[in-house]
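Here the structure comes first, spelled out in structure tokens, and everything after it is commentary.
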Amino acid sequence: MLRLVTVEDFSQPILPGDGASDYERYLRTDELLALQKPPEERVHRDELLFQTVHQSSELWLKHACAEVATATGSVGEGAYDRAERLLRRAQLAVHFITDQLEMLEQLSPWEYQTVRRVLGHGSGFDSPGMREVRRVSPPLWEALVEALGREGLADVVELYRRGDEFEALYQLAEALTGWDEQITVWRIRHFKTVARIIGDEVVGTQGTPVEVLGRLIHKNLYPELWSARNRLTALAKEED
Ligand code: HEM
């Protein structure tokens, strides 16, 4: 009997879209790679470096915030382990964008002034990614506080004192601390990058003095998680 065998041609795309291959169609690389100024529109060749770091930072922040939002839902469902896993990813994403600030320090402070002239009133305060961090982070804290209540714990100080009995919740509180800390570590790193490129006694593109960035370093997402440490140290002293 004669069998007809159809051989799939793996070189041909099967996904819908305009790209030449499924790789390009799925990742929409045509559009992605068109999001940076072409060489003829750049006032300085380092605009590519500048745009690459900023655009990829926005992508990682988008990813991080999606994980934080889902983690918040998981805490509400009592799935503390799952929430912790997602927060680890969120933290890692911000770790990546912290590391890539090093690439911006490859800019010459003088040559960057040329790039700066074409940024208009563009300011990091309008970063959609950081705005999203500010939006998704408080509900995560509220979910943790509710979880403490469900478990009969008065506050994080009690949770930390009885960490052994509430391992998953303890790990979750540590994951929130890690998320908060990583945002601050980014801010510290960013502050030094800014100081290195434009200085620390100047005003930004929207007129904000750079010292304001220095002050932001002391702002925590979850102040209670940090003050709990002070309380624990005080309690330990009382017990001595
Ligand atoms: C050459 C590199 C950079 C310089 C010179 C710079 C400069 C500044 C300055 C001067 C400010 C104060 C606000 C203003 O007036 O603009 C600021 C804020 C900010 N920048 Fe940058 N920046 C750089 C890279 C980045 C990158 C890669 C990101 C990534 C998302 C970023 C995100 C932000 C954010 C989110 C703020 C608001 C403050 C905060 O939330 O802590 N910046 N930046």
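The values are calculated or read from the model by the stated rules, or taken from the named source; none is laboratory data. Model, not experiment: these values are computed from the prediction. Note that we place each Cβ from the backbone using ideal geometry, even for glycine, and neighbour counts take in every protein chain shown.
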query = What pairs come up if the first residue lies in segment 1-23 and is outside any loop (DSSP other than H, G, I, E, B), the second is of a type in the set (Ser, Thr, Tyr), and their beta carbons are under 8 Å apart, counting only those six or more places apart or on different chains?
reply = TYR23/THR29
request  = Just need a number here: residues in segment 149-158 that are within 22 Å of ALA234 (Cβ to Cβ) and either touching a helix residue (DSSP H, G or I) at 6+ places or on another chain (Cβ under 6 Å) or in contact (Cβ under 8 Å) with a residue 40 or more places away in the chain (or both).
outcome  = 4
message = Being within 16 Å of the ligand (Cβ to nearest atom) and either more than 20 Å from ILE217 (Cα to Cα) or surrounded by 18 or more Cβ atoms within 10 Å (Cβ to Cβ) (or both) is true for just one of VAL156, VAL115. Which residue is that?
response = VAL115
ask   = Being within 11 Å of the ligand (Cβ to nearest atom) and in contact with a strand residue (DSSP E or B) (Cβ under 7 Å, 6 or more places away or on another chain), is that true of even one residue in segment 190-197?
value = no
note = Over segment 74-101, the set of residues free of Cβ contacts under 8 Å to residues at least 24 places away in the same chain and not hydrophobic (A, V, I, L, M, F, W, C) is SER74, GLU77, ARG82, ARG85, ASP99
note = Scanning segment 215-240 for residues that are in contact with a helix residue (DSSP H, G or I) (Cβ under 7 Å, 6 or more places away or on another chain) and within 10 Å of the ligand (Cβ to nearest atom), the one nearest to GLY122 (Cα to Cα) turns out to be LEU216
ask   = Looking at this structure, is VAL75 part of a helix (DSSP H, G or I), under 30 Å from GLY163 (Cα atoms), more than 19 Å from the chain's Cα centre (by Cα) and modelled with pLDDT of 95 or more?
value = yes
query = Is it the case that some residue within segment 40-55 is farther than 19 Å from ASN220 by Cα, more than 11 Å from the chain's Cα centre (by Cα), more than 15 Å from the ligand (Cβ to nearest atom) and buried (at least 19 other Cβ atoms within 10 Å of the Cβ)?
reply = no
request  = Check segment 86-95 and report whether any residue there is out of contact with any strand residue (DSSP E or B) (no Cβ under 9 Å at 6 or more places or on another chain) and farther than 18 Å from HIS63 by Cβ.
outcome  = no
remark   = Expected output for segment 50-65 (first residue without any contact (Cβ under 8 Å) to a residue 60 or more places away in the chain and more than 10 Å from PHE96 (Cβ to Cβ), partner part of a helix (DSSP H, G or I) and more than 7 Å from the ligand (Cβ to nearest atom), Cβ below 6 Å, 6+ apart or cross-chain) is VAL53/MET103
key: Index of the failed condition, ARG131 passing every other in (1) within 30 Å of GLY204 (Cβ to Cβ); (2) touching a residue at least 24 places away in the same chain (Cβ under 8 Å); (3) not in a loop (DSSP other than H, G, I, E, B)   = (2)
remark   = Residues in segment 25-49 that are part of a helix (DSSP H, G or I) and closer than 25 Å to ASP99 by Cα total 7
ask   = For segment 103-128, which residues satisfy the criterion of being farther than 10 Å from ILE197 by Cβ, part of a helix (DSSP H, G or I) and under 22 Å from the mean Cα position of the chain (by Cα)?
value = MET103, GLY124, PHE125, ASP126, PRO128
ask   = For segment 206-215, how many residues meet the condition of being exposed (fewer than 15 other Cβ atoms within 10 Å of the Cβ) and touching a residue at least 24 places away in the same chain (Cβ under 8 Å)?
value = 2
